[in-house]
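Some notes on the structure that comes next.
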Amino acid sequence: MADGGRSADLAGLPALGARRRLVDVVSDALRDAIADGMLAPGVRLREVALAERFGVSPTPVREALRRLEREGLVEVDPHRGASVATFDAAEIADLYEVHEVLECRAVRRAAMAGDQDFSRGEALLAAAEGVLTDPDQVGFNRLDLAFHRALNGMGGNAALAELIEQIHRRIQGVRIRCAGHLPDRPVHSHAQHLEILAAVRAQDADRAETLARAHIHSVRDAVLRVLAAEVLEEVA
């Protein structure tokens, strides 16, 4: 894991397309890199280095970093500049609590919404089948985010779905960092996703909410166990 005192190795960041506003493309690239664990918590995000990597001026990079700061993915220090946000175990537990409250509400809304188009969620779950045993879990991580966004969007409240995704992305960067200690997590999460979607399809709001809560708790508990073990190793 990179420490907070070094600049990020930016070689893995994607090149940018030319058809969208540069600040949007830079924001998306950095957002994905943080959620994928490519940019670890504490890594410095230097505007000049990022601008050179993306082949843009520093202005869209600066605007993108401000946007990600508002989303809680980036921290900006007046003296040290921007870095990927860091969270301790207590802060992660708090984020999971917020995630639980919001997502359980969204899933209940989805189950109560009546007839739905399940094709997007089904396609994402089918794609996830092919990456469940990938050791780095990055592919599953991306599909996991997309599935939750699709599921939450079925509740009909776009603002709620967007807020949940912001919280989810803040958590995912830490979760993917723990992936090496949780090799079976994608298999368990995938099974839970299937159950949640089935409950929404059956319009069983109580069961859908119960399953969503159990899913969030199981991931939270696994991540917090890994973080606690890391703390013990540092103290030993």
Selection from region 61-80 of residues that are free of Cβ contacts under 8 Å to residues at least 60 places away in the same chain, surrounded by 14 or more Cβ atoms within 10 Å (Cβ to Cβ) and touching a Lys or Arg at 6+ places or on another chain (Cβ under 8 Å): L68, V76
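Matching residues to (1) within 29 Å of V61 (Cα to Cα); (2) of a type in the set (F, W, Y); (3) free of Cβ contacts under 8 Å to residues at least 24 places away in the same chain:
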| site | (1), (2), (3) |
| --- | --- |
| F87 | yes, yes, no |
| E91 | yes, no, yes |
| D94 | no, no, yes |
| A106 | no, no, no |
| R109 | no, no, no |
| M112 | no, no, no |
| Q116 | no, no, no |
| G121 | no, no, no |
Residue match in region 121-131 (condition: under 30 Å from G42 (Cα atoms) and of a type in the set (G, A, S)): yes
Scope region 163-203; condition of a type in the set (K, R) and either modelled with pLDDT under 95 or closer than 20 Å to E69 by Cα (or both); matching residues: R169, R170, R175, R177, R185
Test: residue in region 174-190 that is under 30 Å from G114 (Cα atoms), assigned to a helix (DSSP H, G or I), touching a residue at least 24 places away in the same chain (Cβ under 8 Å) and among the β-branched types (V, I, T): yes
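The values are calculated or read from the model by the stated rules, or taken from the named source; none is laboratory data. A quick note: this is a predicted structure, and the numbers were derived from the prediction, not measured. FYI the Cβ positions are ideal-geometry reconstructions off the backbone, even for glycines, and counts take in every protein chain you see.
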